[in-house]
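Worksheet for the structure shown next.
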């Protein structure tokens, strides 16, 4: 599809809405632990990413088609500790954690 997260996820949101799904788009911050060779403390960059949150049967799922090769290949249930198989051997996990404003 080309483009960045905003173009790809806006397009996906339009497709999902046209199919009758209930969703909202949200801003996100990406953790720097994904950077190759990163050795510093865990932290987050600015609010520079966009994703979709889709509701199915009163359950919320993260649907992100704009993250590139490190992104999820299927929806992630927004449940603490949920593990999703990505492209093997990679797995992804959602972790809810407090992040003080001066630590992020």
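The values are calculated or read from the model by the stated rules, or taken from the named source; none is laboratory data. In this text, all values refer to a predicted model and were calculated from it rather than measured experimentally. Here the Cβ positions follow ideal geometry from the backbone for every residue, glycine too, while neighbour counts run over all protein chains shown.
Descriptive notes on the structure:
- Being at pLDDT below 95, under 24 Å from residue 81 (Cα atoms), under 15 Å from the mean Cα position of the chain (by Cα) and surrounded by 12 or more Cβ atoms within 10 Å (Cβ to Cβ) is a description that does not apply to residue 54.
- The set of residues from the stretch 52-84 being in a strand (DSSP E or B) and in contact (Cβ under 8 Å) with a residue 24 or more places away in the chain comprises 52, 53, 54, 55, 56, 62, 63.
- Only a single criterion out of (1) at pLDDT below 90; (2) touching a strand residue (DSSP E or B) at 6+ places or on another chain (Cβ under 6 Å) is not satisfied by residue 21, namely (1).
- Any chance residue 84 is within 11 Å of the chain's Cα centre (by Cα), surrounded by 13 or more Cβ atoms within 10 Å (Cβ to Cβ), modelled with pLDDT under 90 and on the phi < 0 side of the Ramachandran plot: no
- Failed item in (1) under 17 Å from residue 93 (Cα atoms); (2) at pLDDT below 95; (3) in contact with a strand residue (DSSP E or B) (Cβ under 6 Å, 6 or more places away or on another chain), with residue 5 passing the rest: (1)
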